[in-house]
Every structure is written in structure tokens, then in C-alpha cells.
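The values are calculated or read from the model by the stated rules, or taken from the named source; none is laboratory data. What you see is a predicted model, and the numbers here were worked out from it, not measured in a lab. Cβ: placed from backbone, ideal geometry, glycine included. Neighbour counts: every protein chain shown.
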């Protein structure tokens, strides 16, 4: 399926939490491996801002190397989770193009890129980070939960000049068994070489595993409100 059709499908099937008043901003939030957009749409609904549209697309199903080639919702193939593991470069770039197409679609409907924020959890957070940092248009910010920066060796060169001042909220559980907090710390160090260090916040939560918690979601809401203020 070509990129354009895939992005249209992603948008058509996405779970959208509409604003309770005129929508002047959008948050595109990407779920983790094997999940769907439904859970995160509910989570965001609990802490929503009335003028923000929340879009939670579902990843397409594909065989995942890390999970014995079993087919499951995945933004791109995962071969390993360590920082030196081989990566699905073409899959990551293709997935990123599909997310950029959603941003373009919102722009055509009246929400400009600088009023769009990307976010995600785990593999979805990884894709959000990569897409936001390489996007040629200036975005409002990115929320990166329990994740890493894909193709990290290509940065800072791969980063677009448009997003050097982009705010990033990065959060990680200190007891995460899937993506250890050390990987989050390595990502944080790398991000400080890509965006202005004062634009990047890294918060860790003791006892939090590979999931979210209410305290983290309040932080996410405050970050969205700060960088997508009501017009």
C-alpha cells in the first residue's frame, strides 16, 4: 500500500476525541507495539483541553522480528531493543511520512503545524520523536513516554532546523523492564545535543514499570496546555 493511501487509512480509522468548543490545536498520539489507539484516546479524554482535538491512530499490522515474526499492530519492524540493535530504517521513515501526512491534513482543515503536538508511548513515542525532530515545519512540541530515539546515530545531522527550539517532555518509569530507564537517559542526553537543552524536560517515576501513571498524565496535560495555549 502506498504512503498516501496508508496515511488516509490511518486517519479514517483513528480514534478522535473532538474538542468541546472550536478546535484550534491538535495532539496526535501514537500507541505502543501490539496496542491500538483506543486506550490512549480514553486516557487523553480524562485530561483533555476543550479546544484541542486528540487524534489516536492505529498502527497497521505487520510481522515483528522481535516477536518471532508474529503479526501485530506495529509502526515499523522492531529487530531489538538495545541502543546498538539493527533498525528498520526504511520502515521508520515510511511511518514518519504517514504521520506527517496527518499533520498536512490538519493544516488543510485549519490547524497549522505550529498548533500540532506529537506524542506517543513506547514505539509510538519513538516514532513521534523521530517525526517531530525531522519535520520541516515547526511543531508545537512532542511528548515522549517510555521510549527511545530511533536512528539515533543519524542525529543531530538528521534534525530539521525548524525544530531546534521545539519543547520536548520525556518521561520514563525507573522500574521499566522492557525499555530500561538507562535507555531513556541515553535518549535524554542525545536530545540535549539536538534541541536547546532548556527546551527538554526528562522526568522519571520511581516504581513505574512499562506503563503510565496519573501523575505522568497530569504532567502531559500541563505540558500540552503550556505549549498549545488557548487562543
Next item on the list: Collect the residues in segment 114-158 that are part of a loop (DSSP other than H, G, I, E, B) and at positive phi, keeping them in residue-number order.
Entry: 122, 146, 151
Next item on the list: Please verify whether segment 160-167 includes one or more residues that are within 15 Å of residue 126 (Cα to Cα) and either part of a strand (DSSP E or B) or modelled with pLDDT of 95 or more (or both).
Entry: no
Checklist line | Looking only at segment 155-174, and only at residues there that are farther than 22 Å from residue 113 by Cβ and either surrounded by 15 or more Cβ atoms within 10 Å (Cβ to Cβ) or in contact (Cβ under 8 Å) with a residue 60 or more places away in the chain (or both), the one that is farthest from the chain's Cα centre (by Cα) | finding: 173
Note to self: Show me the strands (runs of 3 or more DSSP E) found entirely inside segment 40-83 where at least 1 residues are more than 16 Å from the chain's Cα centre (by Cα) and over 30 Å from residue 226 (Cα atoms).
What the structure shows: 61-64, 70-73
Item checked: Pairs where the first residue, in segment 62-84, is at positive phi and the second is assigned to a strand (DSSP E or B) and at pLDDT 95 or above, C-beta under 8 Å, 6+ apart -> 69/63
Check: Taking segment 206-231 as the region of interest, how many residues are assigned to a loop (DSSP other than H, G, I, E, B), touching a strand residue (DSSP E or B) at 6+ places or on another chain (Cβ under 6 Å) and either under 17 Å from residue 167 (Cβ atoms) or modelled with pLDDT under 95 (or both)?
Finding: 1
Next item on the list: State yes or no: is residue 100 at pLDDT 95 or above, surrounded by 18 or more Cβ atoms within 10 Å (Cβ to Cβ) and outside any helix (DSSP H, G or I)?
Entry: no
